[in-house]
1. With N residues in region 1-98, what two-decimal value do you get for its Cα radius of gyration over 2.2 N^0.38 Å?
2. For the chain, give the magnitude of the charge dipole about the Cα centre (Cβ charges: +1 Lys/Arg, -1 Asp/Glu; no others), in debye to the nearest 20.
3. Once a ≥ b ≥ c are taken as the square roots of the eigenvalues of the Cα gyration tensor of region 58-102, is the result rounded (a/c under 1.5), prolate (a/b larger than b/c) or oblate (a/b not larger than b/c)?
4. What is the Rg over Rh value, at two decimals, for region 88-129, using alpha-carbon atoms and the Kirkwood definition of Rh?
5. Compare 1, 35 by solvent-accessible area with a 1.4 Å probe and give them largest first, with all protein chains kept in place.
6. Can you compute the helix-only [θ] at 222 nm over the chain? Use -39500 (n - 2.57) per DSSP H run of at least 4 residues, normalise by all residues, nearest 500 deg cm²/dmol.
7. Any idea what diffusion coefficient region 116-186 gets from Stokes-Einstein, in µm²/s, Kirkwood Rh on alpha carbon pairs, 10 °C, 1.306 mPa s?
8. Using a 1.4 angstrom probe on the protein heavy atoms only, line up 153, 85, 41, 325 by accessible area, largest first.
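The values are calculated or read from the model by the stated rules, or taken from the named source; none is laboratory data. Treat the numbers as computed from the prediction; the structure is a model and nothing was measured. Here the Cβ positions follow ideal geometry from the backbone for every residue, glycine too, while neighbour counts run over all protein chains shown. SASA here: full protein model, heavy atoms, side chains in, ligands and nucleic acids out. Shrake-Rupley method; radii C 1.70, N 1.55, O 1.52, S 1.80 Å.
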Amino acid sequence: MPVPVFDGHNDALTREDHSEIVQGRSGGHLDLPRMRAGGIRGAIFAAFTPSDGTARKPVPRDDGVMEFAPAPRVDRRVATAHAARVARRLLALERAEHLRVARTAADVDAARDGGPPAAVLHLEGAEAIDPDLEGLDLWHAVGLRSLGLVWSRPNAFGNGVPFIAPSSPDIGPGLTGAGRALVRRCAELGIVVDVSHLNEAGFWDVAELNEAPIVASHSGAHALCGVSRNLTDSQLDAIGTSDGLVGIVFACAFLRPDFADDPDTPLELIVEHVQYVADRIGVTHVALGSDFDGATVPDSLGDASGMPRLLGAFLDAGFTDEEVRAIAWENWRRVLKTCWSDSA
Ligand SMILES: [Zn+2]
């Protein structure tokens, strides 16, 4: 049996209806057959609403810096409908017993021990939540256990970091009053507050407001790839101090020192980011957050079925079996349990 993997971020249900996820499909990265092949027994499934008209390719500036056009805000009604669609797909998969929506750490354990895969429902950007937070308890009751305040754009809660390379993530102001209230209420309900896509000022607001472990579900190390989306050393240190984790993203443009969105990228670069974070803040604070179906990933990994190759690359790099199991599963399991244990 392959080493169990918990993957901290995918967009499969944002893109595909549930029947495609069950049967498998050509193209894309993640479906149930490929999760089985890759040993992915648990995963965080994002509900993400794209901005209209967002440029898909970065525009080089005169000074050589690459920058995406700023992503416009999305309307709350559009985001709410979109998030409901993703939740419907996830609940349909659960009803048919293809997977289990993970609401407790015991659900995650059951998936590791041979039950259906555990799927954590995540909002990538909180636009579907009203600024008065009237809808949040409803989402929690449905199974929401993870929430990113923002995608890479502003909303009622804060400011996402735009894609700029090279650039510090210190772009724009911190959380709004509604954003601060959302962090507090997530902590009370036991919902992970995910800082991937959040700008640096917002990150420090979360670090101050939330006593739970800080979670960056799909990010890289800024020291190795200086794109605005990655985490600086001081951010990594704060994550380590909080007993949180970084799920290392597989997006080529956030791994490579040249920022190229090029699938001809060795999967050893993923290992290098993991190694960097492990060396800096400890191997218990680094994990995996692929961004399958949301990014260009290395061809040498391919898709969700390639996870055993990646785990082999960790062993080749000198990680022990125990460390690989921590990176692949145990670290996510520990942090989710701590974040979910509060209830109000
Ligand atoms: Zn993302």
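1. 1.34
2. 900 debye
3. Because a/c hits 1.5 or more and a/b fails to exceed b/c, region 58-102 counts as oblate.
4. Result: Rg/Rh = 1.05.
5. 1, 35
6. The helix-only estimate for the chain comes to -10500 deg cm²/dmol at 222 nm.
7. For these conditions, the coefficient is 121 µm²/s.
8. Putting 153, 85, 41, 325 in descending order of accessible area: 325, 85, 41, 153.
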